[in-house]
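A quick write-up on the structure given underneath.
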Amino acid sequence: MEENKKLGFAALAAIVVSAMIGGGIFSLPQNMSQSASVGAVIIAWVITGIGIYFLANTFRILSDACPDATTGIYAYARIGFGKFAGFQMAWAYWLCNIFGNVAYAVLLMDALNYFFPGVFTGGNNLWSIIGGSAVIWLMNWAVLRGVKQAAFLNIAGTICKLVPIFLFILVMLFCFHWDHFTLDFWGENTPKLGGIMTQVKSTMLVTLWAFIGIEGAVVISGRAKSQRDVGMATVLGFLGCLAIYVLLSLLPFGRMSQAELANLSNPSTAPILAGIVGRWGGWIMNLGVIIALMTSWLAFTIMIAQIPYAAAKDGTFPKVFARENSHESPSVALWVTSAVMQLTMIFVYFENDAWNTMLSVTSVMILPPYFACTAFLWKLCAEKKYPAGLPVKPGFAFFCGVAGTFYTLWMIYAAGVQYLLMAFVFLALGIPFYIRARREAQGEVFSPKEKCAAWIIAAIAVLAVILFATGVVKL
């Protein structure tokens, strides 16, 4: 790729921040308080902050330790655990981003309903499906024009969407009351919340959702000018977003009770600000949601096609996904991705709680790829294959890998059995595509261990379908 078409630090950092700070951030006050007291919310962010810190460091360390693994999540899984594992992580990540973008479509249409009452009710009525579909193909067109041009648009959009967020934080700081903040701190006066650990677990998928996208610079590192920029953009993006998330989640407790926050309509920052400064506050926050969703959607569209494109070039995705257009964009991967998103949008029409369903499914599907990355770093250090002379010493790298692995395992546990079973169903659906890709590449389809893993995934998926169909397990 020509040097002038590669991405510098600013573009990489903007992709990381823009991917993480999507429209969901404007709903954090309600999402976090829905089943948790302020004390539990603090604990949740501490756990998530520590876990994501090690995850961010895992990506930073691996970008230095494996500079040739320029597709991040897919490459780390393939190098560490074989082609089938690489495919499964690529498949999971691809589906995760598809579901995530559809969730953005739901929230975007719901935000537009603020300006056009009754037209986009719920974000999943007929007009919402039409509007969301139009944006899917608009984003497809923008990225087909070239990744460099799309990244420039993303930088401008990222700056614009931070303005209403900082305004909200500033206003909440001026209106903050410590006595109100500490009232019923642990939720003891609200029995329906349950114990502290129950409250903390209830917020875990929301906090994880907030950080999906932290791997953005790693995923497109093959288009970066410097691998050092990749690691720096990841860590700085994480620290900045964590500070914003904590402030957005906690400051409203200094003005409203847990019950009041839990009953707000989303995006909950809009009614909070409108209640303080007037109706124009709601307008600003909903406009912020629209800008945030569009830029985050663009960032994920840039990222989303890179994984199947790279896997196809490596012979683990059908080879048609490796085709590029004249702008060096992975055109077939983009077209197929947009088509699958379109089909998912149709499903959303029949879903009553579309936003929360897509949020939960997206959060669960990102966990296997995150687990594979942290486990790969752990394995790299344990097998004494960690390169010498890197800024991060092997001991700390090993610790980051182990800590990140345990965090992802905790998240899998916190997600609940129903979403874990759903993840196996989606993983099993990818197996026929892998078999086709390996036959196209005229390579070995499965090693003995991989064949065993494939059968286990398929068996659990069949069991999951039976449990869902009979009502034993419910979503």
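The values are calculated or read from the model by the stated rules, or taken from the named source; none is laboratory data. Bear in mind that the values here come from a model prediction, so they are computed numbers and not experimental data. Reconstructed Cβ throughout: ideal geometry from the backbone, glycine too, with neighbour counts over all protein chains shown.
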For residues in the stretch 156-181 being over 20 Å from GLY275 (Cα atoms) and surrounded by 18 or more Cβ atoms within 10 Å (Cβ to Cβ), which is modelled with the highest pLDDT?
-> LEU162
Residue hits (the stretch 194-225; buried (at least 17 other Cβ atoms within 10 Å of the Cβ) and hydroxyl-bearing (Ser, Thr, Tyr)) are SER202, THR203, THR207, SER221
Kindly check whether there is at least one residue in the stretch 100-114 that is surrounded by fewer than 24 Cβ atoms within 10 Å (Cβ to Cβ), more than 22 Å from the chain's Cα centre (by Cα) and aliphatic (A, V, I, L, M).
-> yes
Being surrounded by 24 or more Cβ atoms within 10 Å (Cβ to Cβ), closer than 23 Å to ALA372 by Cα and out of contact with any Pro (no Cβ under 8 Å at 6 or more places or on another chain), is that true of even one residue in the stretch 24-43?
-> no
State whether the residues of the stretch 84-103 include one that is in a helix (DSSP H, G or I), without any contact (Cβ under 8 Å) to a residue 40 or more places away in the chain and closer than 28 Å to LYS393 by Cβ.
-> no
Across (1) hydrophobic (A, V, I, L, M, F, W, C); (2) over 19 Å from GLY401 (Cβ atoms); (3) in a helix (DSSP H, G or I), ALA36 clears everything bar (3)
Check on ALA142, over 25 Å from ALA339 (Cα atoms) and either outside any loop (DSSP other than H, G, I, E, B) or in contact with a Lys or Arg (Cβ under 9 Å, 6 or more places away or on another chain) (or both) = no
Look at ILE214 and say whether it is within 17 Å of SER18 (Cα to Cα), in a helix (DSSP H, G or I) and in contact with a helix residue (DSSP H, G or I) (Cβ under 9 Å, 6 or more places away or on another chain).
-> no
Any residue at all in the stretch 53-61 that is polar (S, T, N, Q), buried (at least 23 other Cβ atoms within 10 Å of the Cβ) and within 16 Å of the chain's Cα centre (by Cα)?
-> no
Qualifying position, being among the hydrophobic types (A, V, I, L, M, F, W, C), within 28 Å of SER128 (Cβ to Cβ) and assigned to a loop (DSSP other than H, G, I, E, B), among LEU264, LEU298, LEU293, LEU273 = LEU264
Out of the stretch 413-450, which residues are surrounded by 15 or more Cβ atoms within 10 Å (Cβ to Cβ), at pLDDT 85 or above and outside any helix (DSSP H, G or I)?
-> GLY430, VAL445, PHE446
For residues that are of a type in the set (Gly, Ala, Ser) and assigned to a helix (DSSP H, G or I), scanning just the stretch 325-351, find the one that is surrounded by the fewest Cβ atoms within 10 Å (Cβ to Cβ).
-> ALA339
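Kindly indicate whether PRO252 is within 14 Å of ILE165 (Cα to Cα) and not in a helix (DSSP H, G or I). Let's see the steps before the verdict.
Working: within 14 Å of ILE165 (Cα to Cα): yes; not in a helix (DSSP H, G or I): no.
No: the conditions fail for PRO252.
Among the residues of the stretch 415-436, how many are small (Gly, Ala, Ser) and closer than 18 Å to LYS474 by Cβ? First the steps, then the outcome.
Taking the stretch 415-436 and keeping what is small (Gly, Ala, Ser), we get 415-416, 423, 428, 430.
With closer than 18 Å to LYS474 by Cβ added as a condition, the list becomes 415-416, 423.
The total comes to 3.
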Within the set of pairs 6+ apart or on separate chains, which have a first residue in the stretch 227-240 that is under 11 Å from ILE214 (Cβ atoms), a second that is surrounded by fewer than 17 Cβ atoms within 10 Å (Cβ to Cβ), and C-beta atoms under 9 Å apart?
-> ALA233/ALA10
For ALA274, are the conditions met, namely being surrounded by fewer than 24 Cβ atoms within 10 Å (Cβ to Cβ) and modelled with pLDDT of 90 or more?
-> yes
Does at least one position in the stretch 318-335 carry a residue that is over 25 Å from PHE166 (Cβ atoms), under 20 Å from the mean Cα position of the chain (by Cα) and in contact (Cβ under 8 Å) with a residue 24 or more places away in the chain?
-> yes
Condition met for TYR386 (in contact (Cβ under 8 Å) with a residue 24 or more places away in the chain and part of a loop (DSSP other than H, G, I, E, B)) | yes
Scanning the stretch 122-136 for residues that are in contact with a helix residue (DSSP H, G or I) (Cβ under 6 Å, 6 or more places away or on another chain), part of a helix (DSSP H, G or I) and farther than 14 Å from SER296 by Cα, which turns out modelled with the lowest pLDDT?
-> GLY123
